[in-house]
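Just so it is clear, none of the values below were taken in a lab; they were calculated from the coordinates. Everything numeric in this text was worked out from a predicted model, so none of it was measured. Every residue, glycine as well, gets a Cβ built from its backbone with ideal geometry; the counts of neighbours run over all protein chains shown.
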Amino acid sequence: MNIYLIWKLIHVIAAIVFIGNITTGIFWKLQADKFKDRLKILETFRILMKADRIFTMPSVIILIIFGIGAAMQGNFSLVETPWIFGGIILIIISTFAFMSKVVPIQKKIIALTSNEQKYKWEDYQTLSKAWNFWSLVGVISSYIAVVLMILKPI
């Protein structure tokens, strides 16, 4: 079997796990919001953090390693191949959104919802709107990266 195809296969599987987890995270968060129940929101965010540790972080690391490996094995330049370079930039944007914005907001939401005396729906809503925005930035940039990888339009 072609080594390039193995690198590419593992890269694609990691992309599926990564995008699947960040997409379903938004779904579960929006479902918890419907109830406006502090404890349901708390549990949802604890599960999201656990899913990030188990699925998102390992898959993004594998995605990057095997994406670079596949490009090198296939003799593609990471910088001079526009669809690869564009994909790298988009994954950097997604990683920035999640690591520097979403994860800290999740920690604040967990702290807020863990304390019944301090919890106010309005405070949660402020954090929730920021979480929604930065999660969408991360998810949309990842989906665009997939489009570039598949269609290679540039």
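For the reader, a short list of remarks on this structure follows.
- Relative contact order (%) - the chain, alpha-carbon pairs under 8 angstrom, separation at least six: 31 percent
- Each Lys and Arg Cβ is given +1 and each Asp and Glu Cβ -1; about its Cα centre, the chain then shows a dipole of about 360 debye.
- The range 22-84: trypsin sites (Lys or Arg not before Pro) in DSSP loop, at most 13 other beta carbons within 10 Å: LYS36
- Nearest-ten-degree value, helix 3-35 long axis tilted from longest Cα axis of the chain: 20 degrees
- Listed residues ASN75, ILE54, ILE3: farthest to the positive end of the dipole of the range 3-151 (Cβ charges): ILE54
- DSSP-assigned coil residues among GluC sites (Glu not before Pro) in the range 33-124, each with at most 11 further Cβ atoms within 10 Å: GLU80, GLU116
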